[in-house]
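The values are calculated or read from the model by the stated rules, or taken from the named source; none is laboratory data. Keep in mind that what you see is a predicted model, and the values were worked out from it rather than measured. No Cβ is skipped: glycine too gets one built from the backbone with ideal geometry, and neighbour counts run over all protein chains shown.
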Amino acid sequence: MNAFLAFVLTLVGVVGLLVVLTNDPVRQTVLGGVLSLLLAVVFFAVQAPDVALSELAIGTVAVPLMLLLAIGKIREHRAREEEMRE
Amino acid sequence: MRRGRLIVGGLGVLLVVAAFAWACTGLHAFGHGTTRYGEMVARATVPQRAATNAVAAVTFDFRGVDTLGEEFILFIAVIGVSILLRSLRSETSEEETHIAAAGPRGSEFSRWLAAGLVGPVAVLAAYIVAHGALTPGGGFQGGAILMAAVAAIFVGGEYVVLLTIRTSATWLDIADALGAAGLVVLGFGGLIAAGTFFQNFIDKRTSGLLTGGIIPLANIAVGLEVAGALLTVVAELLDQRLLSTRT
Amino acid sequence: MSVYPYLIAVWLFGVGLWGVINSRNYLHLIMCLMVVQASTYVLLLSIGYVNHGTAPIYQGISTKALVVDPIVQALTLTDVVVEATVVALLLGLVVQASKRFGSIDPDAIVRMRD
Amino acid sequence: MSQLAPLAVAVPLVVAAVLGIGHAVLGRIVADIVAVLTAALTLVMTILLLIHVGPGYSVYWFGGWHPRAGVAIGVAFQVGAIGAGLAAFVSLLMVLALVYSTRFIGVQAPRYHMLMLTFMAGMVGFCLSGDLFNMFVLFELMSVSAVALIGYRIQQQSALEGALNFAVINMIGAFLFLIGIGLVYARTGALNLAQIGATLAHAGNDRVIVIAFTLIVSAFLIKAAVVPFHFWLSDAYAVALAPVCLLLAGAMSEIGLYGIARVYFSAFAPAIAPQGTSALRTILVAAGLITALGGAAMALVEDHLKRMLAFVTISFVGVFLFGAGLLSEDGVAGTSIYVLGDGFAKALLFACVGILQNRLGAVGQRRLHGRGRPLCVIAASFFAGGLLISALPPFGPFLGKSMIDDAALKQGLDFVPPLLMIISALSGAAVLRAGARVFLGWGESHDEERDSADEETSAETEQLYDHTPAVMLIPTIALLAGAIGVGAWYGMADLATTAAHTFVDVSAYRAAVFGGARQLGAASSAAPAWFDYVYCAGAVVLAVLIAALGLFSRRIGAAAERLVRAAHVGMEPIRRLHTGRVGDYAAALALGVGILAALMTLTLG
């Protein structure tokens, strides 16, 4: 195992922890994207380009997109509810 | 109440992690992961399937049924999302007025940028799908990239979305279902033409993109399925009001 | 160091599971589940790695070349797509819950039990 | 004939996909007919498969990838009689559930049908598959379909919560399964169960294998809902549509247990047995008995009918885990008979509750008090179900239970038959008491206890029927016939024993997969002995007595009243644990897996 791989793996561990510790959904989504990006780097490093490409497409594009859309929807619902209350 | 949970959960996580870590220290050293199974499959890929991507050969040929099941997981999850995000009949009228009030959104620039990006990305996606048997990539990756391209239009201008998804939502569903069906049909093709379900029944030695027998076809089916499925989810999340017009 | 990648998988599993238990927001919980899932990717791919091996793609390399295990890569590929479905389904539930009940905190639920 | 194995999975899948392609134009009636016919076709295929398999195994290599040089390079379905039988049972329940749901209003065609068909395909495939990763994929297919089916009634908060709890807990289970698969693969380089077994027979046991086995078993225990992994179940069953409950209660939990038995006997037994067998047996048997007792006790204090039945289901999962956990041929045989008989009975009870819900618009016992009087047929079926699950001789559950009793006695567990008698009496009492309240109006109607004014009690169909549709009644009667029929024919016991004989024989399994076929003979089981009749009749009598005590404690006297109240107070802390909060459930899950891992490591490692 080379130093680069060890370094990126450590970063993966740190970012994984940050994802769990972050409470704001948007910031968390961004961190989730970073985690996926780092994972993709790890996958390239362990000679798994197919998985790395999938992880890039799904983990850094599709899943964050879904999450952001859901966050938007949820905020919309919350705003509408507050409107109704007033 | 919550403290009790954190104590129980913390203790549990510690125990599980300790067990898992203990098992990991008993594994082979990193970098020595050779198995006979993996080796045999890797060795068989080029001579037997004329494909160069052993991962694609495993995914669509050696262990093709797993992929079939997994495609259906994706397919049915999207059906599930449609079911879960449906609007009930009584809510429809309220929702409709909400749409009218929303109006167009998103700047002119972002819309043009998104539209401009779609063409090149779609070509790239098609390339990745088509070369799945040969180079890294294939149906999963290409499908997801295609989805990203179309999603860019969706997000780029919500106005366009309201017009396009209304007409395209049904087509997305159908693309999704066609992709899923395509993979089973390939399985049945093996059964009918070669006698075993999911047997690679197409000549593998054709040159060019058609190498690998059913692998390129399976890649196309999966690409269609993944793109259709992910786009349906995005469309549902983007505007669940649209559902009321489809049910 | 020979088991370091496996231990990263263990670490991700542990923090993700802890996050699920500790979560006060369903969106946060979904992200924590993704961290747990990331652990499975790291574990599977690390298991199949071979020192000085290349990717199991025979383009420009000899068919006798040393390659890493294609099986675990195919398994992980399947796993990655499962991730997307898990997120989609859970988001569907969460969005509907927020629309109808205005809360996405798993603990804030006032449960009407018999 | 051997092509039936892949077709039993592929046909429902292709039909689901075709329904998806045509979803815009297909009407409800077409979807109903197509789905019922597909399920019926699957039933026919699985039954033919069961006959074809006989006492041996039928192995099907997908893609024509037969093993080379002793290495399995493809995916195989390795079908034994128990797997095929369970698959046939699942398909039968699915046919009945789909017929039952044809008159449900609010069912979205064809999406609902697609979900049901993939749910069935996942379960059937899981029963047949002989490859660890393939089992994982089908397991996920099953879970994903079930999530959408449980959350189906989106207008109810509890439905969304139930589905979320189910989804999160089962996803964690899936990750545990996957990590287990990774560890097994790292150690053995195989995913095929028989090959894992063959490799382990040489390599022996070590910590990687013990932990991998623990994680995989945990995943199945979560699906089966064994204490402390059971919390999601009552939330999910309380809200699922009645036809979905039929399948969840009748088959899905049992499939989790089948998974444990399958991976143990086909793959892990060579590493664990014989030194570790007794330790593993102790762990499984203890978990089973705790689950059985806890579930039955909780059932007695539940007012909500579906929740009550959910706890009855948990109780029986415990009994089945006990039976299978004996890790013996006759334990497996008894459990498989018990699963059939009891599965029919539980599905019957859920079908009755579904009808009640559609006729009367409520599922709380106290709200329904006496209102079921006009529904004679349903009442008769419900009481029959109650008597059957308390193991009324000589019908279905009785045969299974007596076989498990015998198997336990053979292992020297003398305390078990009386304990199981009490457990089935408690479950039976819960059902009989509920029946007496709802259909006869016995007991107090509205006492000082909380009114079950929860939203879960609203009708599933949004409008009530003034008579029971025939399409609901016929499946109900069919389920009753099934529960009675399983035990009425003693040949069943011999068939199950023969099947179990093959199931536990790991070398026969390996021979079937890698060639060098071995002759497998038929086996027979002893007929129930006199004491089996005594225990089971005792359970029925006890059930009636406990039910009466619950109903008439005031009239019987102060002592009885105090006893009933003490029982309720005593159960309250346990009831409180079922908070409906997914974080609590995940914490319990983590602790459960952790303890299991510690126990397994200490005893097997």
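Taking the stretch D:220-325 and the helices (runs of 4 or more DSSP H) fully enclosed by it, no element has 2 or more residues that are of a type in the set (Phe, Trp, Tyr) and touching a Lys or Arg at 6+ places or on another chain (Cβ under 8 Å). For the stretch B:1-46, the candidate set comprises residues that are facing chain D (nearest Cβ under 8 Å), touching a Phe, Trp or Tyr at 6+ places or on another chain (Cβ under 7 Å) and outside any helix (DSSP H, G or I); within that set, the residue that is nearest to C:TYR58 (Cα to Cα) is B:GLY33. Filtering the stretch D:528-571 to residues that are surrounded by 12 or more Cβ atoms within 10 Å (Cβ to Cβ), outside any helix (DSSP H, G or I) and of a type in the set (Gly, Ala, Ser) leaves only D:ALA529. Evaluation of C:SER2 against the conditions (1) closer than 25 Å to B:LEU15 by Cβ; (2) within 20 Å of the chain's Cα centre (by Cα); (3) not basic (Lys, Arg) shows that the sole unmet condition is (2). Mind checking which residues of the stretch D:55-80 are in a loop (DSSP other than H, G, I, E, B), of a type in the set (A, V, I, L, M) and touching a Gly at 6+ places or on another chain (Cβ under 8 Å)? Residue satisfying the conditions is D:VAL75 alone. When the stretch B:47-59 is filtered for residues that are surrounded by fewer than 24 Cβ atoms within 10 Å (Cβ to Cβ) and either assigned to a helix (DSSP H, G or I) or more than 7 Å from every other protein chain (Cβ to nearest Cβ) (or both), the ones remaining, listed by number, are B:PRO47, B:GLN48, B:ALA50.
Against the definition (in a helix (DSSP H, G or I) and either among the small types (Gly, Ala, Ser) or at the interface with another protein chain (Cβ under 8 Å from one of its Cβ atoms) (or both)), how does D:GLY106 come out, yes or no? So D:GLY106 does not fit the description; no. Residue count for the stretch C:1-14 under the criterion of being part of a helix (DSSP H, G or I) and either more than 7 Å from every other protein chain (Cβ to nearest Cβ) or surrounded by fewer than 24 Cβ atoms within 10 Å (Cβ to Cβ) (or both): the result is 4. Screening D:ILE574 on (1) exposed (fewer than 15 other Cβ atoms within 10 Å of the Cβ); (2) over 30 Å from C:LEU33 (Cα atoms) shows it passes everything except condition (2).
Among the residues of the stretch B:191-204, those identified as facing chain D (nearest Cβ under 7 Å) and touching a residue at least 24 places away in the same chain (Cβ under 8 Å) are B:PHE197, B:PHE198, B:ASN200. Residue pairs whose Cβ atoms lie under 7 Å apart, separated by 6 or more positions or on different chains, with the first residue in the stretch D:136-165 and facing chain B (nearest Cβ under 7 Å) and the second among the aromatic types (Phe, Trp, Tyr) and buried (at least 24 other Cβ atoms within 10 Å of the Cβ), are D:LEU138/D:PHE126; D:LEU141/B:PHE72; D:SER145/D:PHE119; D:VAL147/D:PHE166. Only one of the listed residues (C:VAL68, C:VAL35) is closer than 30 Å to B:ARG63 by Cα and in contact with a Ser or Thr (Cβ under 9 Å, 6 or more places away or on another chain). That residue is C:VAL68. Being surrounded by 16 or more Cβ atoms within 10 Å (Cβ to Cβ) and either in a helix (DSSP H, G or I) or not charged (D, E, K, R) (or both) holds for only one residue in A:VAL14, A:VAL63, A:VAL26, and it is A:VAL63. Pairs are defined by a Cβ separation below 7 Å, a sequence spacing of at least 6 or placement on different chains, a first member in the stretch B:132-152 that is assigned to a helix (DSSP H, G or I), and a second member that is charged (D, E, K, R) and at pLDDT 80 or above; the pairs so defined are B:GLY143/B:GLU225.
Inspection of the stretch B:149-162 finds no residue satisfying the criterion of being under 18 Å from B:ILE220 (Cβ atoms), at pLDDT 65 or above and surrounded by fewer than 19 Cβ atoms within 10 Å (Cβ to Cβ).
Does D:GLY83 count as part of a helix (DSSP H, G or I) and closer than 25 Å to D:GLY197 by Cβ? Spelling it out, D:GLY83 is indeed part of a helix (DSSP H, G or I) and closer than 25 Å to D:GLY197 by Cβ. D:PHE177 fulfils the conditions (1) buried (at least 24 other Cβ atoms within 10 Å of the Cβ); (2) touching a residue at least 60 places away in the same chain (Cβ under 8 Å) except for a single criterion, (2).
I'm trying to understand the selection: among the residues of the stretch B:60-77, which are more than 20 Å from D:VAL18 (Cβ to Cβ) and facing chain C (nearest Cβ under 7 Å)? Answer for the stretch B:60-77, where residues must be more than 20 Å from D:VAL18 (Cβ to Cβ) and facing chain C (nearest Cβ under 7 Å): B:ARG63, B:ASP66. All conditions but one from (1) at pLDDT 90 or above; (2) of a type in the set (S, T, N, Q); (3) not in a helix (DSSP H, G or I) apply to D:SER2; the one that does not is (1). Applying the set (1) modelled with pLDDT under 95; (2) of a type in the set (S, T, N, Q); (3) within 30 Å of D:SER91 (Cβ to Cβ) to D:THR277 leaves exactly one unmet item: (3).
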